[in-house]
Amino acid sequence: HADIAMYEAKKSGRKIVFFDDVMGVSFRERIGMERRLADSLARESGLSLAYQPKVDMSSGEVLGFEALCRWKDGEEDRSPELFIPAAEETGLIVDLGRWVMEKACRRGALWLKEGLRVPLAVNISAKQVQQDDFVLMVDRILEETGFPPELLELELTESTLMKDLDRSCSMLESLKELGVSLAIDDFGTGYSSLAYMARFDVDILKIDRSFMPGKEAPPLNEAIVKSVVALADARGLRVIAEGVETEEQRDLLLRIGCVSAQGFLYSRPVPEEAVADLFSRGFGSLQPSLR
Ligand code: C2E
Ligand code: MG
Ligand code: MG
Ligand code: MG
């Protein structure tokens, strides 16, 4: 419809600059970026994965890593907040997402050969799960790379799952049969009721970082996190807090009973070279008094 808008604008002789909803990038810039991203993927240059540890805050143990896509657009590092939505819109995310999963599983299989059983999570977009062969693709990647399914976690968002409920339920079931773990990412941000979401047959709820309690955060956040933890307990799910940046947040989360976390307090996403060391070393025992 951007084309139609452009045509209308030309016809009426007005000069209009087009902006879309992705961080104020103009239409023209966006098209160029999408083309270069497709090109990067085709040539497998400029793309990489960064890995952010998930930590047991009571012991400092590293539980696993989330693989996050990185793109160097020429000299510029582009944020996934910018290029992932662009890839979703063009449909390139289907190929890009496959590349990410393959890359992570291949890397994970190599770590395994070196004696490290590193659980890895990858993000999955709605467009990917809408493909009829999505489950087959996951299965094929696991088989080709030899990465054990029980070490792979797929992060799906609420909106992805809400798009087609029946389809989502049967897809989650098939994925479960493969032996992978399933997480709901950015939990709490999808405009769907918490109780409703917790009924999906998943293993993990990742509490969105906008709910992290803190000095400037709304006091309600603590109550929200508490209720998610209670919900997860009742359903036998694991919870993990995203975006833990301060010691105050860590202490509060531990008091609430949310032990697992991911956040800058522990580590930013790191290059793959740093994973093995971080995984074996962990963060030490941090707050024995809180246990
Ligand atoms: P996400 O899946 O919720 O990933 C967590 C994001 O939060 C990452 O941003 C991470 O760097 C950031 N983060 C972690 N801890 C903290 C913290 O303490 N404070 C703050 N302020 N941020 C923190 P990143 O890597 O920029 O990725 C942004 C989003 O892009 C991801 O959010 C995910 O939705 C998407 N994304 C990244 N890689 C992929 C991918 O391979 N496939 C898909 N479909 N989406 C991806
Ligand atoms: Mg994620
Ligand atoms: Mg998230
Ligand atoms: Mg998020």
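Key figures
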quantity	calculated
DSSP bridge pairs, the chain: antiparallel proportion in percent, nearest 5	45
Selection from Leu154, Leu142, Ile31, by position along the positive dipole direction of the chain (Cβ)	Ile31
Charge dipole (debye, nearest 20) of the chain; +1 at Cβ of Lys and Arg, -1 at Cβ of Asp and Glu	380
Where only C-alpha atoms are counted, convex hull volume of the chain per residue in Å³	160
Rounded tilt (10° steps) of 27-43 against the dominant C-alpha axis of the chain	60
Calculated P(r) tail over 20 Å for region 16-129, as whole % of Cα pairs	48
Span from the region 120-160 Cα centroid across to the region 192-264 one, whole angstrom	24
Residues of type aspartates and glutamates that Lys176 reaches as a straight line, Cα spacing below 15 Å, ignoring anything fewer than 8 places off in the same chain	Asp139, Glu150, Glu153, Glu155, Asp201, Asp203
Over 21 Å between alpha carbons, listed pairs Lys206/Lys226; Lys103/Lys163; Lys54/Lys163; Lys163/Lys206	Lys103/Lys163; Lys54/Lys163
Principal-axis tilt of helix 134-145 within the chain, Cα atoms, nearest 10 degrees	60
Reciprocal of mean inverse Cα separation for region 203-291 (Kirkwood radius, Å)	13.9
Angle between the chain longest axis and helix 165-178 axis [Cα atoms, degrees, rounded to 10]	60
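None of the figures in this text is laboratory data; all of them are computed from the coordinates on show. Keep in mind that this is a model prediction, so the values were computed, not measured. We place every Cβ from the backbone using ideal geometry, glycine too, and count neighbours over all the protein chains shown.
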